[in-house]
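Chemist: For reference, the structure I am asking about is given below.
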Amino acid sequence: MKCLVCNSTITGQYYQDYWGNKVCQSHIDNHEVTFCISCGSFVRFSDSTGDGRSLCNSCMASVISDAEQVEKLKKYVLRKFMDIGVFFNDKFLDSVNIDIVSPQKMAEIRKQPVNFQNKGLTQTHSCNTLGGRFLGFKDKFKHHIYMLSYLPKIEFTATLAHEILHIWQIENGIQLPPLKCEGLCNIGSYIIYENMSAQKASYYKKNLMESPDPIYGDGFRLIYSIYEQSGLEELFEMAKNYKL
Ligand SMILES: [Zn+2]
Ligand SMILES: [Zn+2]
Ligand SMILES: [Zn+2]
């Protein structure tokens, strides 16, 4: 058994990552090595993002950072959703702004401390006039998606899918308690992990399925059990008909 860092045969205590790599315990204890914040593989300690996160080389190579990539991935997500009957009036959500922001900026918008686990956020403003409401016009919504910087492609796409399902729920007047709301959005991430060919998808899927979070994890498992019984199309049909 060789150490990934010093290449010597490991005799004492060691750490192992999800991918089966092993390192001497001392490398972790001495902060030479940490886990890639995205894929969980061992990585030399480096502030590769400039804000305290360490990303491995392969994750770094697929980081999404420009508007053209974002547009492509948004269309990819929306096409996957169309396949299961999830549509928008604004077919490709051209009216939705998607910005990539730093963890600091994300925290400011959320009015919460910096947390690298906050990878996406959707803000919605509804616009209507009193007169319009009086005449029975429906509120129009304006959505803004904020995406955390330095997300590798698969994580970015799964997070975007989650946020887009928030928009879908709002546009369809679906008001679910947080457990079901976030659980349904996480099904969007699940669809991406199942469909997008990515070497590391299994790790992200495992994290999603085994998340100990009482809202995001339990919510996902609850909605996932309905999906297993009824299938994806039926699941979203149930949501649309307020039967979830
Ligand atoms: Zn070693
Ligand atoms: Zn990585
Ligand atoms: Zn959410």
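Chemist: I'd like the residue in region 50-75 that is more than 12 Å from ligand 2 (Cβ to nearest atom) and in a loop (DSSP other than H, G, I, E, B) and, out of all such residues, is surrounded by the most Cβ atoms within 10 Å (Cβ to Cβ).
Modeler: Filtering first and then ranking leaves 64.
Chemist: Got at least one residue in region 108-128 being touching a residue at least 60 places away in the same chain (Cβ under 8 Å), assigned to a loop (DSSP other than H, G, I, E, B), touching a Leu at 6+ places or on another chain (Cβ under 9 Å) and not acidic (Asp, Glu)?
Modeler: Yes: region 108-128 contains one or more residues that are touching a residue at least 60 places away in the same chain (Cβ under 8 Å), assigned to a loop (DSSP other than H, G, I, E, B), touching a Leu at 6+ places or on another chain (Cβ under 9 Å) and not acidic (Asp, Glu).
Chemist: Do we have any residue at all in region 87-95 that's touching a His at 6+ places or on another chain (Cβ under 8 Å) and farther than 25 Å from residue 238 by Cβ?
Modeler: The answer is yes, given that some residue of region 87-95 is touching a His at 6+ places or on another chain (Cβ under 8 Å) and farther than 25 Å from residue 238 by Cβ.
Chemist: Same structure again: Run residue 89 past the list (1) without any contact (Cβ under 8 Å) to a residue 40 or more places away in the chain; (2) in a loop (DSSP other than H, G, I, E, B) and report the number of the one that doesn't hold.
Modeler: (1)
Chemist: Test residue 145 against the criterion of being crowded, with 17+ Cβ neighbours inside 10 Å and in a helix (DSSP H, G or I), and give yes or no.
Modeler: No: the conditions fail for residue 145.
Chemist: Under 9 Å by Cβ, and 6 or more places apart or on different chains, what pairs join a residue from region 210-227 that is of a type in the set (D, E, K, R) with one that is more than 14 Å from ligand 3 (Cβ to nearest atom) and part of a helix (DSSP H, G or I)?
Modeler: Hits for this filter: 221/209.
Chemist: How many of the residues in region 2-60 are aliphatic (A, V, I, L, M) and more than 28 Å from residue 205 (Cα to Cα)?
Modeler: 1
Chemist: Would you confirm, using the coordinates I've provided, whether residue 126 is of a type in the set (S, T, N, Q), touching a strand residue (DSSP E or B) at 6+ places or on another chain (Cβ under 7 Å) and modelled with pLDDT under 95?
Modeler: When the stated conditions are applied, residue 126 passes them.
Chemist: Just checking, which of 114, 86 is in the same structural domain as residue 235 (by TED's automatic domain parsing) and either buried (at least 16 other Cβ atoms within 10 Å of the Cβ) or under 30 Å from residue 241 (Cβ atoms) (or both)?
Modeler: 86
Chemist: When you scan region 180-188, do you find a residue that is closer than 30 Å to residue 40 by Cβ, more than 12 Å from ligand 3 (Cβ to nearest atom) and at pLDDT 95 or above, even just one?
Modeler: Taking every residue of region 180-188 in turn, none turns out to be closer than 30 Å to residue 40 by Cβ, more than 12 Å from ligand 3 (Cβ to nearest atom) and at pLDDT 95 or above.
Conditions tested, residue by residue: (1) under 21 Å from residue 91 (Cα atoms); (2) touching a Cys at 6+ places or on another chain (Cβ under 9 Å); (3) in the same structural domain as residue 73 (by TED's automatic domain parsing).
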{"residue": "139", "(1), (2), (3)": "yes, yes, yes"}
{"residue": "144", "(1), (2), (3)": "yes, no, yes"}
{"residue": "155", "(1), (2), (3)": "no, yes, yes"}
{"residue": "159", "(1), (2), (3)": "yes, no, yes"}
{"residue": "162", "(1), (2), (3)": "yes, yes, yes"}
{"residue": "172", "(1), (2), (3)": "yes, no, yes"}
{"residue": "184", "(1), (2), (3)": "yes, no, yes"}
{"residue": "188", "(1), (2), (3)": "yes, no, yes"}
{"residue": "216", "(1), (2), (3)": "no, yes, yes"}
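Chemist: As an exercise: evaluate residue 81 against (1) surrounded by fewer than 18 Cβ atoms within 10 Å (Cβ to Cβ); (2) assigned by TED's automatic domain parsing to the domain that holds residue 206; (3) aromatic (Phe, Trp, Tyr) and give the number of the one condition it does not meet.
Modeler: Among (1) surrounded by fewer than 18 Cβ atoms within 10 Å (Cβ to Cβ); (2) assigned by TED's automatic domain parsing to the domain that holds residue 206; (3) aromatic (Phe, Trp, Tyr), residue 81 violates only (1).
Chemist: Could I ask something else about it? Residues in region 1-49 that are in a loop (DSSP other than H, G, I, E, B) and within 16 Å of ligand 1 (Cβ to nearest atom): how many?
Modeler: Matching residues across region 1-49 total 19.
Chemist: Please state which one of 137, 156 is in a loop (DSSP other than H, G, I, E, B) and either of a type outside the set (Ser, Thr, Tyr) or more than 16 Å from ligand 1 (Cβ to nearest atom) (or both).
Modeler: From the options 137, 156, the qualifying one is 137.
Chemist: Does region 51-66 include one or more residues that are closer than 30 Å to residue 233 by Cβ and modelled with pLDDT of 95 or more? So that I can check it myself, show each step before the final result.
Modeler: At the first step, the residues of region 51-66 found to be closer than 30 Å to residue 233 by Cβ are 64.
Going one step further and asking which of them are modelled with pLDDT of 95 or more, we end up with 64.
Scanning region 51-66, I find at least one residue that is closer than 30 Å to residue 233 by Cβ and modelled with pLDDT of 95 or more, so the answer is yes.
The values are calculated or read from the model by the stated rules, or taken from the named source; none is laboratory data. Note that this is a predicted model, so its numbers are computed, not measured. Because the Cβ atoms are built from the backbone with ideal geometry, glycine has one as well, and the counts that use them run over all protein chains shown.
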